[in-house]
Amino acid sequence: MMMPAQDTKIRVVVVDDSAMIRELLSHIVNTAPDMEVVATASDPLLARERIRETNPDVVTLDVEMPRMDGIEFLRRLMRLRPTPVLMISSLTRQGSETTLTALELGAVDVIAKPTMDVAHSMEAYADEIREKIRIAARARLRRQPPPPSSPRLPPVAGVMHGKRLVFIGASTGGTEAIHAVLAGLPADCAPVLIVQHMPENFTQSFARRLDGLCAMTVKEAEQGEAVRRGTAYIAPGHSHMFLRRDGAGGWRIGLSQDEKVNRHRPSVDVLFDSAAALLGRNAVGVILTGMGRDGADGLRRMHDAGAYTLAQDENSCVVYGMPKAAVAEGGVDASEPLERIAGRIVERLCRS
């Protein structure tokens, strides 16, 4: 994919059937010094022509539109003319399912469609849209289909260490990276705790979708629930997640709505810090694709406490931000292509 030159603006095409939304998004983009809207379209058929004419760096795409829905248009676009796409979603439950499909098809990220509710915080909303457009313009588009579902992988050939737990953090591009990792883990795997940066309306749908595709049980984490073997826990989009001891010598999930850490709630650092403090060498830490540095400090603390730590390598990342920061911090034992990470986790869990 051609990257926008340093001295040129990011070229954006806005696709939405609402004239008001097109005008608003155009204003948000055009008031930033490093980007510009080069065309707008009210439906995918017009968008096809505008994209062909302008060759944009990023497309913002509505989900529900006339003449062709956004998902079908995205499917065709990624097949015929791969372009970084930022999906616009209403963030309803139904919308979250649809948008997760869009992420599977190759959309870089998703953002809420602006409503009257955000009028009082439009400046923050505008900043978020601009930042996601910048990330999308730099993203590496996936060239491989998502991993196949794994209905039931057999138990691993070896005995997993009973005290070990796995901790995973991800952001941009992470929905499919997490799918790839979990699809390679067996049904009897050690517990896996996961923070993925995504809106709170999405995490339950995300967990439900993974549960149907992976051998492990996958669920959205709940306050105080016991941590069990064979289960992966997705942090809810509204809360930090961390590990805490229970009175019987086991582990339970802790959730909190404390202030954001690294501009995120849930934060990967919060999860990783609890692993470093409580588990030491009995933890396995994994940091996957994502923008920024959330998780880099926590992974280093896990490493310093004796945990085994992995990072997704640059070539397989959609955005090599979080893993790069973790490597720079000196907290990574090994960087691996995405397709090898599950195997490395299992190898570590089976060591005495």
message: Please verify whether Gly321 is buried (at least 23 other Cβ atoms within 10 Å of the Cβ) and touching a strand residue (DSSP E or B) at 6+ places or on another chain (Cβ under 8 Å), treating the condition exactly as stated.
response: no
- request: Taking the options Asp273, Asp297, Asp269, name whichever one is in contact with a helix residue (DSSP H, G or I) (Cβ under 9 Å, 6 or more places away or on another chain), farther than 30 Å from Pro84 by Cα, in a helix (DSSP H, G or I) and of a type outside the set (Gly, Ala, Ser).
  value: Asp273
message: I'm trying to understand the selection: among the residues of the stretch 220-235, which are assigned to a strand (DSSP E or B) and more than 16 Å from the chain's Cα centre (by Cα)?
response: Ala226, Thr231
message: I'm told Leu255 meets every condition in (1) in a loop (DSSP other than H, G, I, E, B); (2) modelled with pLDDT of 95 or more; (3) out of contact with any Leu (no Cβ under 9 Å at 6 or more places or on another chain) except one. Can you identify the failing condition by its number?
response: (1)
Tabulated pairs, the stretch 281-307, first under 12 Å from Ser267 (Cα atoms), second hydroxyl-bearing (Ser, Thr, Tyr) and not in a strand (DSSP E or B), C-beta under 6 angstrom, 6+ apart or interchain: Asp294/Ser267
- line: When the stretch 230-271 is checked residue by residue, the ones that are exposed (fewer than 15 other Cβ atoms within 10 Å of the Cβ) and at negative phi are His238, Arg244, Arg245, Asp246, Gly247, Ala248, Gly250, Ser256, Gln257, Asp258, Glu259, Lys260
Odd one out for His27 among (1) part of a strand (DSSP E or B); (2) without any contact (Cβ under 8 Å) to a residue 12 or more places away in the chain: (1)
- prompt: Right, Val332: closer than 20 Å to Leu165 by Cβ, in the same structural domain as Val181 (by TED's automatic domain parsing), outside any loop (DSSP other than H, G, I, E, B) and modelled with pLDDT of 95 or more or not?
  reply: no
message: Anything in the stretch 277-293 that is more than 15 Å from Asp333 (Cα to Cα) and not polar (S, T, N, Q)? List them, or say none.
response: Ala277, Leu278, Leu279, Gly290, Met291, Gly292, Arg293
message: So Pro186 passes all but one of these: (1) more than 29 Å from Ala325 (Cβ to Cβ); (2) out of contact with any Pro (no Cβ under 6 Å at 6 or more places or on another chain). Which condition number does it fail?
response: (2)
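The values are calculated or read from the model by the stated rules, or taken from the named source; none is laboratory data. Not measured: the values here are computed from a predicted model. Reconstructed Cβ throughout: ideal geometry from the backbone, glycine too, with neighbour counts over all protein chains shown.
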